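What follows is a single structure, written as structure tokens, with notes after it.
The values are calculated or read from the model by the stated rules, or taken from the named source; none is laboratory data. Since this is a predicted model, take the numbers as computed values, not measurements. Note: ideal-geometry Cβ built from the backbone for every residue, glycine included; neighbour counts use all protein chains shown. We work out accessible area using only protein heavy atoms, side chains counted, and drop any ligands, DNA or RNA first. Shrake-Rupley method; radii C 1.70, N 1.55, O 1.52, S 1.80 Å.
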Amino acid sequence: MASSSSCFSGSSISSAYHHHRERPPYMKPKFIQSRPISNQNDPYSSLTSITTTCTEKNSRNVRGERDRDRENLERESRERKEEVNNKIASKKAISVILRREATKAIIEKKKGPTNSKKLLPRTLLEALHERISALRWESALKVFELLQEQLWYRPNPGIYIKLIVMLGKCKQPDKAQELFQSMIDEGCMANHESYTALVSAYSRTGLLDQAFSHLEQMKVTPGCKPDVFTYSILIKSCLQVFAFDHVQTLLSDMAEQGVKPNTITYNTLIDAYGKAGRFGEMESTLMEMLLEQECQPDVWTMNSTLRAFGGSGQIETMERCYEKFQSAGIRPSIKTFNILLDSYGKAGSYEKMSAVMEYMQKYYFSWTIVTYNVVIDAFGRAGDLKQMEYLFRLMRSERIKPNCVTLCSLVRSYGRAGAKEKIEGVLRFIENSDILLDTVFFNCLVDAYGRLGCLAEMRHVLEMMEKSGCKPGKVTYSTMIKAYTSNGVSSRAKELRDIIGRQYVNRRDSKLSQIDEPHFH
């Protein structure tokens, strides 16, 4: 890999980031007021001049006093209005808080007072909406039960649909099915939206058989024919679990039902095929999309295509696609440039990275945290720690909060460069911040210490993980075994293999994150 120092420098990065151009100060024109020259031969001229001047001054004083009085009155009026508005806002805020507290108290003690069936509709609906938005499904169902007990309650399909969608997001399809049946039992007709919400609840959880079963029920239920939105939800769920055969079945079913895919459907397919490396199917889907008159590609289509080719190292193909999309009138977004920067950085094409950054500067595209992470990682891969640290400082000065991706790039680069003291500096920075760490960061830290031969520090990372609520997984243990083996500590490597082997007995199908932490003596 060529050194990045020839392509990048501190000044180039600085100029590529700062978008402000120096402008000459705005010069206000100076107006010179000329007064008539008094006639010295006229004895009254000076008196007239003085009188006129005094009159003008008195007039200005009177006008000034009137202006000041008017300004004072206006200011006092504004202050009174602000005071009244603040009191009204305060009363409203207190009212909302009291209503929420009262609702909370009644929910916690449902069988308490008899007037719990006479709550105001606004009180309960606000509490229900708050819990649905926060995905607090258990509390939301309790509020809904209390809502059903009210004397003024009437079944509303809209509320049921919102609850079913929430339960789908919370991976509670059985609860969603119960609500769906309860809706029908209360006299509400099942419609397209309620069925789609139920299908989504099962497909999000990966229960595709049940989701397909409800799809078939939709077809035979009057007024509930599935539309492109229903099929798109199912297609996306199938693609997430790589069930490509089910996707083809759904596409054929759409054609039989006369439902045409829309832009979202095509973008979902293109993105999934690209991530799976199925470039032939991705290109055929894109060509099919281009043939559709009602489905034109957009910036999401472009980004998915560029990410697929750029992420797989097909830089020339990515560039050709970018030119074609641009010639079709599709304008790039900041996400587009982040994809280009990431692809060029991983390919070591630092000159092209610089060109993208200059383009972003020219057209005033502000850097995001993703942009910073991509460029920081690129410099770290190239071993240019000076530029990497400069960008990290610039990121913080712009009040953009680093995340775990940023810290992983720093730790990984310092580990490769053998800079242990720099890693300690990153840990001190973390102690003084509120960044939530994840298992991926700790795996990078284990790998960095293992490369440096700091086995005690590497083992201490397990304690750090426990304090942070992260559990080590297969990658963590494999990295530690590799470090012990490369440093000639075969006994530790064998001990760790034995511990992992005991933990994996009869648990091969369980999640790796549920493995207990190994203990060393």
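Largest first and in whole Å, give the semi-axes of the range 118-190's equivalent ellipsoid, each being the square root of 5 times a Cα gyration tensor eigenvalue.
Its equivalent ellipsoid spans semi-axes of 18, 16, 9 Å.
Looking only at Cα atoms, what is the convex hull volume of the range 373-435 per residue, in Å³?
Taking the convex hull of the Cα positions in the range 373-435, it is 71 Å³ per residue.
At R0 = 35 Å, how high is the FRET efficiency between Asp434 and Asp209 if r is their beta carbon distance? Nearest 0.05 is fine.
0.20
How far apart, in nanometres, would the label points at Glu316 and Thr263 be if each is projected 7 angstrom from Cα along the Cα-to-Cβ direction?
If labels sit at Glu316 and Thr263, their model points lie 3.2 nm apart.
Quick one: net charge of Ala417's neighbours, Cβ under 12 Å, K/R +1, D/E -1?
With Lys, Arg at +1 and Asp, Glu at -1, the neighbours total +4.
Of the options Met302, Trp367, Val411, report the single residue whose Cα projects farthest towards the positive end of the charge dipole of the range 284-419 (beta-carbon charges: Lys, Arg +1; Asp, Glu -1).
The residue sitting most towards the positive pole is Val411.
So how far apart, in nm, are the two label points at Arg497 and Ala255 if each is 7 Å from Cα heading toward Cβ?
Reported label-point gap for Arg497 and Ala255 is 5.3 nm.
Using a basic spin-label model with each label point 7 Å from the Cα along Cα→Cβ, how many nm lie between Gln150 and Val489?
My value for the distance between the label points is 6.3 nm.
Evaluate E = 1/(1 + (r/R0)^6) for Ile334 and Glu186, where r is the Cβ-Cβ distance and R0 equals 30 Å; express this FRET efficiency to the nearest 0.05.
0.05
Could you sort out which of Lys420/Lys494; Lys420/Lys482; Lys386/Lys482; Lys236/Lys352; Lys169/Lys225 sit more than 25 Å apart by Cα distance in this structure?
Lys420/Lys494; Lys386/Lys482; Lys236/Lys352
State the percentage of accessible surface on the range 325-413 attributable to carbon and sulfur atoms; use a 1.4 Å probe and exclude ligands, DNA and RNA.
The computed percentage sits at 50.
Determine how large the accessible area of Lys346 is when every protein chain is in place; take a 1.4 Å probe and give Å² rounded to the nearest 10.
Lys346 exposes around 120 Å² with every protein chain in place.
So if each residue of separation counts as 0.36 nm, and I subtract the Cα-Cα distance between His129 and Lys324, what length gain in nm does that give?
This chain segment gains 65.6 nm when fully extended.
What's the carbon and sulfur percent of the range 181-307's accessible surface, probe 1.4 angstrom, rounded to a whole number?
Solvent-exposed carbon and sulfur of the range 181-307 make up 54 percent of the total.
Can you bin every Cα-Cα distance in the range 413-481 into 10 Å intervals starting at zero and give me the percent of pairs per bin, rounded to whole numbers?
Calculated over all Cα pairs of the range 413-481, the distribution is 21, 57, 22, 0 percent.
Quick check: residue separation of Tyr359 and Glu138 times 0.36 nm, minus the Cα distance between them. What number comes out in nm?
74.5 nm
Which FRET efficiency value, to the nearest 0.05, is calculated for Gln240 and His460 with the Förster distance at 41 angstrom and r the Cβ-Cβ distance?
So the FRET efficiency works out to roughly 0.65.
Taking the Kirkwood radius as the inverse of the mean 1/r across Cα pairs, report the Rg/Rh of the range 257-361.
1.00
Accessible surface of Met480 in the full protein assembly, 1.4 angstrom probe, to the nearest 10 Å²?
Using a 1.4 Å probe on the heavy atoms, I get roughly 0 Å².
By accessible area of protein heavy atoms, probe 1.4 Å, what ranking do Val299, Val241, Val356 get, highest first?
Reading off the accessible areas and sorting them downward yields Val241, Val299, Val356.
Give me a comma-separated list of calculated 3J(HN,Hα) values for the range 271-283, in order, Karplus coefficients 6.51, -1.76, 1.60 applied at θ = phi - 60°, integers in Hz, x for any Gly or Pro.
For the range 271-283, the Karplus-derived couplings read 5, 5, 4, x, 5, 7, x, 8, 5, x, 5, 5, 5 Hz, x marking Gly and Pro.
Short version: ³J(HN,Hα) in whole Hz for each residue of the range 479-484, in order, from phi by Karplus 6.51 cos²θ - 1.76 cosθ + 1.60 (θ = phi - 60°), x for Gly and Pro, what are they?
5, 5, 4, 4, 5, 4
So if I restrict to the alpha-carbon atoms in the range 223-306, what is the Rg, and what is Dmax, the biggest pairwise distance, in Å?
12.2, 40
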